[in-house]
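The values are calculated or read from the model by the stated rules, or taken from the named source; none is laboratory data. All of these numbers come straight from a predicted model, not from anything done at the bench. Glycine gets a Cβ as well: all are built from the backbone with ideal geometry, and neighbour counts include every protein chain shown.
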Amino acid sequence: MIVHVGSVLYEYTGGRAEVEVPLGRGATVGKVLDALEQRCPGLRFRVIDEQGRIRQHMRLYVGNESVRDLERAVGARDELHVLGALSGG
Amino acid sequence: MVKKSSGTQALLVGTVKGGFLFEGDAARKKWKLAGPFFLGQQVHDFRCDPRDGKTLLLTASGGHLGPTIYRSTNRGKTWSEAKAPPRFGTLPKKKKSARATGSRGFAVKTDFFLMPGHASEKGAWYCGTSPSGLFRSEDGGVSWKGVAGFNDTPQWWDWTRGGSPGSPVGALLHSIQVDPRDAEHLYLSMSSGGTFESFDGGRHWKPLNKGVLADFQPEKYPEYGQDPHCMVLHPAEPDRLYQQNHCGIYRLDRARTDTWERIGNHMPKSVGDIGFPVVPHPSDADTVWVFPMDGTQLWPRTSPAARPAVYRTRNGGKGWERLDAGLPRANAWLTVFRQAMDADRDERRTGVYFGTTSGTLWGSRDSGEAWNLLAEHLPRIQSVRVAELR
């Protein structure tokens, strides 16, 4: 599965905007992020807090659909976007 | 004997947009800039381990990203990220009352304050966070664990009012102090929450706030709940504490009493005794510096009358001197945050440094008698720490 990341996470992806991760059975957004963590150590905690909540100024999309639930199922044809929100100054 | 820097003196500056390192020459006149490090990330603290003169720790959080801590051992040329940054525990599966779970279920928003551990505990560091949490590393900042005796005690809920926000950036745990004679004797302060003391390495804590005003609530002298902005243990006399509080400047001689004395009452009334930092002299327990700010009516927290000055006491707070030579004479609304002022170890001509929210870095080579502008046009400065790099 292709995961697209915003520039705020390039530190973890070696500057890449896309990272391909393996998709297991019963895949969810949370499991994809776990797989992404294996490829890019440290990334997950910058996006998801220790209580499993998406950080306030981060946004996840499956395709064009905004997602707040890490249990949301994903399939092989989906693409996950992990982006910094339009915020800050 | 006059103690001077044994290594290269540096100023580690944390800003809202990254960290900067100013390396000084032997005379402390010229400062060479390195950085920025982690441009775009908010740095609330940036410190060097005085036990090795090499290990630099820097706290970082993005406007977007969660909080973490970075580590360098080569003056910032390369950095590695903590493998386990500070994080609160999760709620137990068996439902308990919120009070019984202490800080569990909360999420660290900011790694706010860093303090190296006792000289005998190589690699030990403490970190204070927002919401108020106390964390400890025993491997030089690579991995961090919550201090259960503070974070997980049911009293945490009372002391922090359920983790409620205290300052504009949230509730803060800061000013972690380690008694140089006893690694188990610790102090910490919370804004808000007050000051607390532990005699057993953090397993148990007691409030230490007698005599400290809390004028922002109905009960003016509560057991806890005050708003210390900055609290220091004086390196020359570990039983003497000073604090710059939301409600004045205080001193505590711990061996004699558990009641703070408001030494800010001796400040000029036109200036007041409100501010954020308090900085101890390296060897004279009666000498500290503060940076007063306007705490009247709407609390602008800028230099009183827009005429910035550092104030110094050399007699434990009985009297204060105004030190403003070289600072702007008028129309300067400076704000200096609680971690943005520090002093070096020169006992006779102490270097004193502060950074402002308007991005200027000031220094004095003669204990505050005269001030020089060291850098300007920096992002908002959140911390200034003196380091001796080896």
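Please count how many residues of the range A:73-89 are under 12 Å from the mean Cα position of the chain (by Cα) and not aliphatic (A, V, I, L, M).
Number satisfying all stated conditions: 3.
Which ones in the range B:132-150 are more than 19 Å from B:K83 (Cβ to Cβ), of a type outside the set (F, W, Y) and buried (at least 24 other Cβ atoms within 10 Å of the Cβ)?
B:S132, B:L134
How many residues does the range B:167-195 hold that are touching a Pro at 6+ places or on another chain (Cβ under 7 Å) and either buried (at least 23 other Cβ atoms within 10 Å of the Cβ) or within 14 Å of B:M115 (Cβ to Cβ) (or both)?
Selection size over the range B:167-195: 8.
Pull up the range B:80-118, narrow it to residues that are in a strand (DSSP E or B) and more than 18 Å from A:R55 (Cβ to Cβ), then point me to the one that is nearest to the chain's Cα centre (by Cα).
B:F113
Could you list, in sequence order, the residues of the range B:81-97 that are surrounded by fewer than 20 Cβ atoms within 10 Å (Cβ to Cβ) and within 10 Å of another protein chain (Cβ to nearest Cβ)?
B:E81, B:K83, B:A84, B:G89, B:T90, B:L91
Select from the range B:351-390 the residues that are part of a strand (DSSP E or B) and closer than 19 Å to B:M293 by Cα and list them in ascending order.
Selection gives B:V352, B:Y353, B:F354, B:G355, B:L361, B:W362, B:G363, B:I381, B:Q382, B:S383, B:V384.
Could you tell me which numbered condition B:E121 fails, if it satisfies all but one of (1) within 23 Å of the chain's Cα centre (by Cα); (2) in a loop (DSSP other than H, G, I, E, B); (3) within 13 Å of chain A (Cβ to nearest Cβ)?
The number of the failed condition is (3).
Please work out which residue is farthest from the other protein chains (Cβ to nearest Cβ), limiting yourself to the range B:138-160 and to residues that are among the small types (G, A, S) and either under 18 Å from the mean Cα position of the chain (by Cα) or not in a strand (DSSP E or B) (or both).
Going through the qualifying residues, I end up with B:G149.
Evaluate the following for B:S132: is it among the hydroxyl-bearing types (S, T, Y), over 19 Å from B:H229 (Cα atoms) and more than 14 Å from every other protein chain (Cβ to nearest Cβ)?
Judged against the criteria, B:S132 is not a match.
Here is a check on your reading of the model: is B:G102 within 25 Å of B:P154 (Cα to Cα), touching a residue at least 12 places away in the same chain (Cβ under 8 Å) and more than 10 Å from chain A (Cβ to nearest Cβ)?
yes
In the range B:37-79, how many are of a type in the set (S, T, Y) and either facing chain A (nearest Cβ under 10 Å) or in a loop (DSSP other than H, G, I, E, B) (or both)?
Summing the residues that are of a type in the set (S, T, Y) and either facing chain A (nearest Cβ under 10 Å) or in a loop (DSSP other than H, G, I, E, B) (or both) in the range B:37-79 gives 5.
Does the range B:236-245 include one or more residues that are modelled with pLDDT under 95, over 30 Å from B:G163 (Cβ atoms) and surrounded by fewer than 18 Cβ atoms within 10 Å (Cβ to Cβ)?
Scanning the range B:236-245 turns up at least one residue that is modelled with pLDDT under 95, over 30 Å from B:G163 (Cβ atoms) and surrounded by fewer than 18 Cβ atoms within 10 Å (Cβ to Cβ).
Can you name every one of the strands (runs of 3 or more DSSP E) wholly within the range B:265-343 that holds 3 or more residues which are buried (at least 18 other Cβ atoms within 10 Å of the Cβ) and modelled with pLDDT of 95 or more?
The strands (runs of 3 or more DSSP E) meeting that bar are B:275-280, B:288-292, B:310-313, B:341-343.
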